[in-house]
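Written out below as structure tokens is the structure these notes cover.
The values are calculated or read from the model by the stated rules, or taken from the named source; none is laboratory data. On a predicted model such as this, the values are computed, not experimentally measured, just so you know. Heads up, the Cβs are rebuilt from the backbone with ideal geometry, glycines too, and the neighbour counts pull from every protein chain shown.
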Amino acid sequence: MNKPIGVIDSGVGGLTVAKEIIRQRPNESILYLGDTARCPYGPRPTEEVRELTWQMVRHLLKQDIKMLVIACNTATAVAFEEIRDTLPIPVVGVINPGARSALQVTRNYNVGVIGTVGTIKSKAYEHALQEIHPQIQVTSLACPLFVPLVEAGTLHSQEAKDIIAESLKPLKETDIDTLILGCTHYPLLKTLIQEVMGDDIHLIDSAKETAREMSTIISHNNIAATSTTPNHQFYSTGGQHVLRNLVNQWLQLRSSVNRISL
């Protein structure tokens, strides 16, 4: 089925999911929509996040996508179940895959989660983890300064290093052995986060786990692309500079990035 896979995010973070989709399913076409004009979603009220997410979903449905990936943890926490139960196509979020992966690798069942204020406040990861393993110990920490760093493109600056080190201080005093990067922007800061936390802490990239689950669903539903020439399209609601740079340099694609209004 040569229809595109729709990927939505509050900004550029969902490109971490897109990259994994391209790696795992190179024949699939991606239709990416980043709501860069209204990013970040983390500090916004729940109802506003729900409405903004539905605006993106409705736009992509008009493009005849065959599957939807909600590549935003805040949007997943707020609207995943409602969207999954409403749409006639498969829908994948980023929270459950990340939680399952963390439980597979933790040794002491003491897991940390970092995310936006909205994701942490929702306790979505805590619920997902404890639903599988009720005795799991979860330490959650909001890192509201991380997304602006990524959206500004300052991924390797001294400012980024200082902000990450200061933000993660509370986790350094805990017994976690596994840390879920509970925002798809965060894998773009993964190297710096690992340096701060140390090599003995296992980082869970929810983007990779989400793409793996998506790939499984594609096989199960028999909707894999038959074409070997994918057509990737990228759209943003606001500034295109950072998104275009990441598409060109990080994804190594020459796809255009176009601006749309929702």
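Restricting attention to segment 61-78, the residues that are outside any loop (DSSP other than H, G, I, E, B) and either touching a His at 6+ places or on another chain (Cβ under 7 Å) or buried (at least 20 other Cβ atoms within 10 Å of the Cβ) (or both) total 10. Identify, please: which residue in segment 71-114 is among the basic types (Lys, Arg) and at pLDDT 95 or above and is, among those, nearest to Cys143 (Cα to Cα)? Looking at residues that are among the basic types (Lys, Arg) and at pLDDT 95 or above, I get Arg107.
Of the residues making up segment 183-239, those that are in contact with a helix residue (DSSP H, G or I) (Cβ under 7 Å, 6 or more places away or on another chain) and of a type in the set (Phe, Trp, Tyr) are Tyr186, Phe234.
Results for (1) surrounded by fewer than 16 Cβ atoms within 10 Å (Cβ to Cβ); (2) of a type outside the set (S, T, N, Q); (3) over 22 Å from His127 (Cβ atoms), shown as yes or no for each residue.
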residue: Val7; (1), (2), (3): no, yes, yes
residue: Val12; (1), (2), (3): no, yes, yes
residue: Leu87; (1), (2), (3): yes, yes, yes
residue: Val111; (1), (2), (3): no, yes, no
residue: Ile114; (1), (2), (3): no, yes, no
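For segment 21-54, a residue qualifies if it is among the β-branched types (Val, Ile, Thr), touching a strand residue (DSSP E or B) at 6+ places or on another chain (Cβ under 9 Å) and surrounded by fewer than 24 Cβ atoms within 10 Å (Cβ to Cβ), and the qualifying residues are Ile22, Thr36. Scanning segment 73-112 for residues that are hydroxyl-bearing (Ser, Thr, Tyr), under 22 Å from Leu168 (Cα atoms) and not assigned by TED's automatic domain parsing to the domain that holds Ser167 returns a single hit, Thr74.
So which residues in segment 230-262 are more than 21 Å from the chain's Cα centre (by Cα) and free of Cβ contacts under 8 Å to residues at least 12 places away in the same chain? Of everything in segment 230-262, just one residue is more than 21 Å from the chain's Cα centre (by Cα) and free of Cβ contacts under 8 Å to residues at least 12 places away in the same chain, namely Arg254.
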